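Here is the structure we will look at.
What follows draws every value from the coordinates through simple rules; no lab data is involved. On a predicted model such as this, the values are computed, not experimentally measured, just so you know. Positions of Cβ are backbone-derived with ideal geometry, glycine not excepted, and every protein chain shown enters the neighbour counts.
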Amino acid sequence: MPRVVGLDVGDATIGVAVSDELGLTAQGLGVIRRSELASDLTELEKLVSPYSPERFVVGLPLNMNGTVGVQAKKVQAFTETLERHFGVPVETWDERLTTVAASRALGEAHLTRARRRRAIDKVAAVLILQGYMDRWRSTS
């Protein structure tokens, strides 16, 4: 499996994760504090370029009933820009409850609230990417 980057895109931050060389596990790379789109893409490029990703997976925050809401539309617009900027395929992944799962995982790690807050977007990106890779392996 080629290297894949997973993203948890929010209004204030972007959590970033990358697959290992075998496509078995996702590791968190970091969190980008959002400013303007061009700067966000530049920071993302700095973070992921050493891995030469061949695909991005972006969490799509659908409403609980599966419909596309305001935030999901923002993420869809971002994915289109991302695909043009990097020139590689970008897929979306249903991320409903990913942030909740990340919060629970961090809570079980007995981190302070401040440390949880700093890590939650990165952990959410890991969960998005890991879910995608697990599905990819089970269907191939």
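When Lys and Arg each count +1 and Asp and Glu each count -1, what net charge do the other residues less than 13 Å away from G59, Cβ to Cβ, add up to? Before the final figure, lay out each step's value.
Working: positive: K74, R96, K122; negative: D8, E91, D94, E95, D121.
Neighbourhood net charge equals -2.
Counted by neighbouring Cβ atoms within 10 Å, the residues R135, R96 run from fewest to most as R135, R96. Label-to-label distance for T42 and A12 is 2.4 nm, based on points extended 7 Å past Cα in the beta-carbon direction.
Mind sorting T67, T42 by how few other Cβ atoms lie within 10 Å of their own Cβ, fewest first?
On the way: T67 8, T42 14.
Fewest-to-most ranking of T67, T42: T67, T42.
Here each label is just a point 7 Å from Cα along the line to Cβ, and for H85 and M64 those points are 3.2 nm apart.
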